[in-house]
Amino acid sequence: MKKLFAFVATFMMAVMASGVAMAAEGAAGESKSVAIALSAGVAVAIAAFGAALGQGRVGAAAMESIGRNPNAADKLFLPLVLTLALLEALALYGFVIAILLQGKI
């Protein structure tokens, strides 16, 4: 996890540095639209990553619980589906934010 965080931090620093260079070369309005587009992409990426990580953990925990006690599968099904639906809503919220940000370009 530390390697992933270091990679993401390095990538974000590179993106920020290139944005400063573009602002110096181009118009100020163009750099603002580039920043909004990058923000929209990052919003979708973070939301999708969080939702996928959560869904994986929930699914693994549910399968482990069913493996230990197969008779509890009926009782675990509804909470599992509700949790997965709420996690999927997280990804959709990120997508909606990206659409709203793209409307400002």
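The values are calculated or read from the model by the stated rules, or taken from the named source; none is laboratory data. What you see is a predicted model; the values in this text were computed from it and never measured. No Cβ is skipped: glycine too gets one built from the backbone with ideal geometry, and neighbour counts run over all protein chains shown.
Taking each residue of region 37-50 that is of a type in the set (A, V, I, L, M, F, W, C) and looking for partners that are surrounded by fewer than 18 Cβ atoms within 10 Å (Cβ to Cβ) and in a helix (DSSP H, G or I) with beta-carbon atoms closer than 6 Å, six or more apart or interchain, yields 40/102; 43/97; 44/95; 47/90. Among the residues of region 57-70, is there at least one that is more than 21 Å from residue 8 (Cα to Cα), out of contact with any Leu (no Cβ under 7 Å at 6 or more places or on another chain), modelled with pLDDT of 90 or more and acidic (Asp, Glu)? Within region 57-70, one or more residues are more than 21 Å from residue 8 (Cα to Cα), out of contact with any Leu (no Cβ under 7 Å at 6 or more places or on another chain), modelled with pLDDT of 90 or more and acidic (Asp, Glu).
Residues checked against (1) within 17 Å of the chain's Cα centre (by Cα); (2) modelled with pLDDT of 90 or more; (3) among the β-branched types (Val, Ile, Thr):
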{"residue": "25", "(1), (2), (3)": "no, no, no"}
{"residue": "28", "(1), (2), (3)": "no, no, no"}
{"residue": "45", "(1), (2), (3)": "yes, no, no"}
{"residue": "53", "(1), (2), (3)": "yes, yes, no"}
{"residue": "73", "(1), (2), (3)": "no, no, no"}
{"residue": "82", "(1), (2), (3)": "no, yes, no"}
{"residue": "95", "(1), (2), (3)": "yes, no, no"}
{"residue": "98", "(1), (2), (3)": "yes, no, no"}
{"residue": "104", "(1), (2), (3)": "no, no, no"}
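Every residue, every condition in (1) farther than 24 Å from residue 4 by Cβ; (2) out of contact with any Gly (no Cβ under 8 Å at 6 or more places or on another chain); (3) outside any helix (DSSP H, G or I); (4) in contact (Cβ under 8 Å) with a residue 60 or more places away in the chain, yes or no:
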residue	(1), (2), (3), (4)
52	no, yes, no, no
56	no, yes, no, no
59	no, yes, no, no
63	yes, yes, no, no
66	yes, yes, no, no
74	yes, yes, no, no
86	yes, yes, no, no
90	no, no, no, no
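Selection over region 64-105 of residues that are in contact with a helix residue (DSSP H, G or I) (Cβ under 8 Å, 6 or more places away or on another chain) and among the acidic types (Asp, Glu) gives a count of 1.
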